[in-house]
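The block underneath contains the structure these notes are about, expressed in structure tokens.
The values are calculated or read from the model by the stated rules, or taken from the named source; none is laboratory data. Bear in mind the structure is a predicted one, so any value in this text is a computation, not a measurement. Here the Cβ is made from the backbone with ideal geometry for all residues, glycine too, and neighbour counts use every protein chain on show. All accessible areas refer to the heavy atoms of the entire protein, side chains included, with ligands and DNA or RNA removed. Shrake-Rupley method; radii C 1.70, N 1.55, O 1.52, S 1.80 Å.
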Number of protein chains: 2
Amino acid sequence: MMKELPLAKVYQLLEPGPVVLLTTARKDRANVMTMSWHMMVEFEPPLVACVVSNANFSFAALRTTRECVIAIPSVKMAEKVVAVGNCSGRDVDKFAAFGLTTLPGEHVTAPLIAECFANLECKVADTRLVNTYNLFVLEVKKAWTDTKQKNPKTIHHRGYGTFVVDGETIRLKSRMP
Amino acid sequence: MMKELPLAKVYQLLEPGPVVLLTTARKDRANVMTMSWHMMVEFEPPLVACVVSNANFSFAALRTTRECVIAIPSVKMAEKVVAVGNCSGRDVDKFAAFGLTTLPGEHVTAPLIAECFANLECKVADTRLVNTYNLFVLEVKKAWTDTKQKNPKTIHHRGYGTFVVDGETIRLKSRMP
């Protein structure tokens, strides 16, 4: 189901700014949160910066294990994605509560999410800005896409439960990768 | 034309991941580049992380002056935005070449762009990751929106001249700001 994606193509998944899910695993307990504050930092090996608030249950797991998975949901999962963001892993097993299927990764203990059209196995590469901004730099070690999900539309957070869904695609002659 | 936007609302502009323009000014010479690698870091005062490659002419200006403007174009400017990204300020005055109108800011020497629906005056707040990743942390000092541009649609880069335009807006019951 999940097919490997060349690491050089990872930026095409994250650069448009989709709302993503972030999974962690600590002491045999996996968790998942919703995240919108992320950006590409380098093409290859792909580096991704993200902000995980220290108010989130996932923060300690990410800082301690230095591993996570960024899973990218399509708009079909929008209600689940918001529900994941509305509660904490301190109180609930969100995978069970929201019917998210975990799959094992190859490089990290944090699980992939089978329902997402892409999953990025990440290791923490830089923590210099964690104490000041909760900003982690991650390196993507392996990327997976579900090739059965054709042209998935992502969602983009505008605040307070408002999301913009991907619309039309336009092509212009750019020299940029 | 440009009306002040409360700083607490700035994240709603950048969190969805739009392609933006970044202006700088050095030695009385302004420049503008196209940028997609940015993210919110804090709500208020708004902090924004961005990557400006040291291959870009804007890099030295940003590092030296520690000031810039992030200007957000709607899809109506898509061709100009790509054209700005296809050339360098080393060779051309891009404002003149592409018919972009500059407006003075209040906190920075870098110009606002009148045709963009939002402009964020920024000061560099942290340079610890500049040498390693070309990653700057900016603080937004003042935000402006053009209230005449109603419901502007932004563009999101998918690589090699492919852009996704904002589509429909959906609303879900989120507890997140």
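The table below lists the values:
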{"quantity": "Positions within the stretch B:127-155 being within 11 Å of chain A (Cβ to nearest Cβ), open to solvent by less than 10 Å² (accessible area, probe 1.4 Å) and within 29 Å of residue A:132 (Cα to Cα), in sequence order", "calculated": "B:129, B:135, B:137"}
{"quantity": "Considering residues of the stretch A:52-79 that are in contact (Cβ under 8 Å) with a residue 60 or more places away in the chain, touching a Ser or Thr at 6+ places or on another chain (Cβ under 9 Å) and open to solvent by less than 30 Å² (accessible area, probe 1.4 Å) only, the residue farthest from residue A:139 (Cα to Cα)", "calculated": "A:74"}
{"quantity": "Index of the failed condition, residue B:113 passing every other in (1) more than 14 Å from chain A (Cβ to nearest Cβ); (2) surrounded by fewer than 20 Cβ atoms within 10 Å (Cβ to Cβ)", "calculated": "(2)"}
{"quantity": "Top-ranked residue of the stretch B:80-102 - restricted to ones that are open to solvent by 60 Å² or more (accessible area, probe 1.4 Å) and within 16 Å of the chain's Cα centre (by Cα), ranked as farthest from the other protein chains (Cβ to nearest Cβ)", "calculated": "B:102"}
{"quantity": "Residue match in the stretch B:115-138 (condition: within 30 Å of residue A:87 (Cα to Cα), touching a residue at least 24 places away in the same chain (Cβ under 8 Å) and among the hydrophobic types (A, V, I, L, M, F, W, C))", "calculated": "yes"}
{"quantity": "Qualifying residue in the stretch B:24-39 (condition: touching a Leu at 6+ places or on another chain (Cβ under 8 Å), outside any strand (DSSP E or B) and more than 8 Å from chain A (Cβ to nearest Cβ))", "calculated": "no"}
{"quantity": "Number of the condition not met by residue B:48 [criteria: (1) under 13 Å from the mean Cα position of the chain (by Cα); (2) of a type outside the set (Phe, Trp, Tyr); (3) open to solvent by less than 20 Å² (accessible area, probe 1.4 Å); (4) closer than 18 Å to residue B:163 by Cβ]", "calculated": "(4)"}
{"quantity": "Test: residue in the stretch A:14-23 that is within 15 Å of the chain's Cα centre (by Cα), part of a loop (DSSP other than H, G, I, E, B), on the phi < 0 side of the Ramachandran plot and of a type in the set (A, V, I, L, M)", "calculated": "yes"}
{"quantity": "Residue count, the stretch A:14-27 (criterion: of a type outside the set (Val, Ile, Thr) and closer than 14 Å to residue A:69 by Cα)", "calculated": "5"}
{"quantity": "Any hit, the stretch A:160-175, residues being assigned to a loop (DSSP other than H, G, I, E, B), without any contact (Cβ under 8 Å) to a residue 24 or more places away in the chain and in contact with a helix residue (DSSP H, G or I) (Cβ under 6 Å, 6 or more places away or on another chain)", "calculated": "yes"}
